[in-house]
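Read through the structure below, which is laid out as C-alpha cells, and then see the notes.
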C-alpha cells in the first residue's frame, strides 16, 4: 500500500468520526429537548468544508483521477461518477450550512430540515467513501506506476488533516483546538466536560 492510499483512508476515517459526532450531538440535543450547540456545529461543518471538501476532494480530482484516466480506460465511468459526487457534495455542504443557519436563526421549526439535510449529506458521503475505498483505491494500486505514486505521495502529504493525528498548521490550530474543546468526549472528539 502507498502513502496516498493510507492518507485517503485516514482522512476518510477522520471525516467519518466528525460526521458521526455531528449526528450524535444532534441526537443528544433532541433527547434533552434543547437546542444544539450551534458554535460547535458551525466549527465542525467549517472543518468538513475546509478539509474534506476543499483539500481532500481537490487532490483526488486534480491529481489522482487524471493519473488513473491516463492509465486505464476502465476507470472512466467510475471517475466520472466520483467527480459528479464531488461536485454534488460541494453544493450539498452549502445547503447544510444554510439549513444550520436557518435552524439557528429560526429555532425549532427548522430543526427537521437541518437534520434531514445533515443526514442526507452523511449518507451520501459514507457511500462516496465506500466507493472510493472499495473500487478506486484497489484500481489505483493495480495500474499506477512508481513515478505516479511518488508524485501523489508528495502532494497528499502536504496540508495534512489534524484529525488524522498530525499537528495542525498554524492557520488551522485554533479551529482544531476549538472543535476539540467544544465537543465533549462522550460525543466523540474532545475532552470530557465536568
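Readers should treat all values here as calculations from the given coordinates under stated rules, not as data from a laboratory. Here the structure is a predicted model, which means the values were calculated and not measured.
For this structure, a couple of remarks:
- MRE, 222 nm, helices only [DSSP H, n ≥ 4, -39500 (n - 2.57), over the chain, to nearest 500]: -22500 deg cm²/dmol
- C-alpha long axis of helix 76-106 to longest principal axis of the chain, angle in °: 10
- Relative contact order %, segment 3-182, counting alpha carbon pairs below 8 Å whose residues are six or more apart: 35
- Cα long-axis angle, helix 170-182 against the chain (0 to 90 degrees, to the nearest 10): 50
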